[in-house]
1. Applying the selection to the stretch 171-193, what residues are open to solvent by 20 Å² or more (accessible area, probe 1.4 Å) and either free of Cβ contacts under 8 Å to residues at least 24 places away in the same chain or closer than 21 Å to TYR152 by Cβ (or both)?
2. If you take the residues in the stretch 128-142 that are closer than 16 Å to GLY202 by Cα and outside any helix (DSSP H, G or I), which one is least open to solvent (accessible area, probe 1.4 Å)?
3. Could you check ASP35 against (1) surrounded by fewer than 14 Cβ atoms within 10 Å (Cβ to Cβ); (2) of a type in the set (D, E, K, R); (3) at pLDDT 95 or above; (4) within 24 Å of GLU16 (Cβ to Cβ) and say which number it fails?
4. Among the candidates ALA114, ALA21, ALA71, single out the residue that is farther than 23 Å from GLU154 by Cβ, open to solvent by 50 Å² or more (accessible area, probe 1.4 Å), out of contact with any Lys or Arg (no Cβ under 8 Å at 6 or more places or on another chain) and assigned to a helix (DSSP H, G or I).
5. Being closer than 26 Å to ALA41 by Cβ, within 12 Å of the chain's Cα centre (by Cα) and assigned to a strand (DSSP E or B) is the filter here, so list the residues in the stretch 93-103 that pass it.
6. I'm trying to understand the selection: among the residues of the stretch 127-137, which are over 18 Å from the mean Cα position of the chain (by Cα) and either at pLDDT below 95 or closer than 11 Å to ALA165 by Cβ (or both)?
7. Counting just the residues of the stretch 42-65 that are under 21 Å from ALA183 (Cβ atoms), in contact with an Asp or Glu (Cβ under 8 Å, 6 or more places away or on another chain) and not β-branched (Val, Ile, Thr), which one comes out surrounded by the most Cβ atoms within 10 Å (Cβ to Cβ)?
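The values are calculated or read from the model by the stated rules, or taken from the named source; none is laboratory data. Given the structure is predicted, the values throughout are model-derived calculations rather than measurements. Don't worry about glycine lacking a Cβ; one is built from the backbone with ideal geometry, like all the others, and counts go over all protein chains shown. Note: areas computed on protein heavy atoms with side chains; ligands, DNA, RNA excluded. Shrake-Rupley method; radii C 1.70, N 1.55, O 1.52, S 1.80 Å.
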Amino acid sequence: MNITTDQSTVESVILEVSDPAAAAAFYAAAFGLGDKVRVRASEAPTTGFRGFILSLVVSQPSTVDSLIGTALDAGATTLKPAKKSFWGYGGVVQAPDGAIWKIATSSKKDTGPATREVDDFVVLLGVDNVKATKQFYVDRGLAVAKSFGSKYVEFDASPSSVKLALYGRRAAAKDAGVAPEGAGSHRIIIGGDIGSFADLDGFAWEVAPDKDLKS
């Protein structure tokens, strides 16, 4: 008998913050992602790059500008101003709690009215060894959707879930516009359906609230 697993591997991310009320208000105003982003009180020490980027993939430049605009209005700071590049259009901001967010589109021109619709929400982990961490997750039942050797890996996900991707730590930091050095807590917990554990780089997983009764 073949055993299949639910394709939805990531239901939400939990960000550990010093002021949960302020962080919740920021995310509601900035991105409006609902329960895909949760916050939890923590004073765990952390310095420098926390090793992850939260990426919002959208359909056109005006949506990038809209989401970055509301994030800045709510208190975010700019790490990389939104601009065109060979791959599309995007920018990077840092939330008041320290989490780094990239908002981007592969389109260089608007093709319709401005919206705030997010096509994909991606948790990008900057890891020490992409191949080893890829195998770690494959062994836990995740299926690979895209893989570029030791450079980048993206796992399968249902349309409604959060995507998980892997990038080398230094490459991720460069993409975010920050130095790669960092220490202490990642200040993020991934809520999914593949168990509670920590991966090779110390990123923590918990069973998502709506998955804990799943048979």
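1. Across the stretch 171-193, the qualifying residues are ALA171, LYS174, ASP175, GLY177, VAL178, ALA179, PRO180, GLY182, HIS186.
2. ASN129
3. Of everything listed in (1) surrounded by fewer than 14 Cβ atoms within 10 Å (Cβ to Cβ); (2) of a type in the set (D, E, K, R); (3) at pLDDT 95 or above; (4) within 24 Å of GLU16 (Cβ to Cβ), ASP35 misses just condition (3).
4. The conditions single out ALA21.
5. So in the stretch 93-103, the residues closer than 26 Å to ALA41 by Cβ come out as 93-102.
Retained after the next criterion (residues that are within 12 Å of the chain's Cα centre (by Cα)): 99-102.
ILE100, TRP101, LYS102 - these are the residues of the stretch 93-103 that are closer than 26 Å to ALA41 by Cβ, within 12 Å of the chain's Cα centre (by Cα) and assigned to a strand (DSSP E or B).
6. Across the stretch 127-137, there are no qualifying residues.
7. GLY51
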